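Following: one structure in structure tokens, then a few remarks.
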Amino acid sequence: MGGLILVGLLACAPAALDPLDFTVPEPSSTDTGDGGVPLDNACAAALFASAGENPADWPRTANHLFCDPLGGWLLLGKVYRTQTAGQFLKEPRGFWQSGFDVEELGSPQIVDLPFDFQNGLSHGLASVASGDIPVHPAAVVRFELVHSDGPSSGQRDWYKEVTGQSDFEAWFGTSGTSTSLVCSDELLTQDCTMASLLDSHDLDLGGMEIVPGGRGLRMKLDGHVSAALDGVGADLEGMSSPWQTSNNTEWGHGMRIWIR
């Protein structure tokens, strides 16, 4: 009996993802976009069913997002790592509402990409448009932070409660979304706080702190006076922490954003 319980617990745990070891899945061969074809993406299909929504009534974007079949998580966004200040990764304002580089969400890789500043081909962030994803009353979003020096240097998760479709679509906006639970576990029972995701002076990921009482996770989006500080910042400047990078800064970390 004990063995069966252990297997069940392992099946429910988020899969350990190595961003260096993934193959981009082939696009669905049956998704014609005509509104009559079922979702082939297992995570997306489960999400639509839980939300009581007909996939034919929604954009077909979800069929091409990466699905973690072991944990049932659908990849909604990712922020790339950087180890050099001043790379000016593309991190546009309003990315959550409008979507950005959605085609890159077919893979969970967040390794550094080649940069071509002269031709404007630098990358930095990918996101599905939040209005393309239906949410259900028990939906949870997982924020997975990956150290800029690689996952072996640090990886940590936070889980955020989804309180409704309209609030979900307003995340990372400037108008101030309502607060919801942010916890260290998927069941939303441990180390919890009420917080919001807000684009103010910085893009604040409320409730996600490496050091208790610290500044918390944040980003510098395009147009910020200090936009050279790219990726996700983990702590206050000068704080001693394993999340200080090899460049002696807290910036440049990567992130994946999942829902189920």
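Only the coordinates and a few stated rules stand behind these numbers; no lab work does. In this text, all values refer to a predicted model and were calculated from it rather than measured experimentally. Every residue, glycine as well, gets a Cβ built from its backbone with ideal geometry; the counts of neighbours run over all protein chains shown.
Points worth noting:
- A simple count of charges around residue 77, restricted to other residues whose Cβ falls under 15 Å of its Cβ and scoring Lys, Arg +1 and Asp, Glu -1, yields -2.
- Taking each residue as 0.36 nm, the span from residue 188 to residue 153 lengthens on full extension beyond its C-alpha to C-alpha distance by 10.0 nm.
- Residue-count net charge about residue 139 - beta-carbon cut-off 10 Å; Lys, Arg +1, Asp, Glu -1: +1
- Remark: spin-label model distance residue 40-residue 70 equals 2.4 nm, labels positioned 7 Å along the Cα→Cβ axis.
- Fully extended contour minus Cα-Cα distance, from residue 54 to residue 97, at 0.36 nm per residue: 13.4 nm
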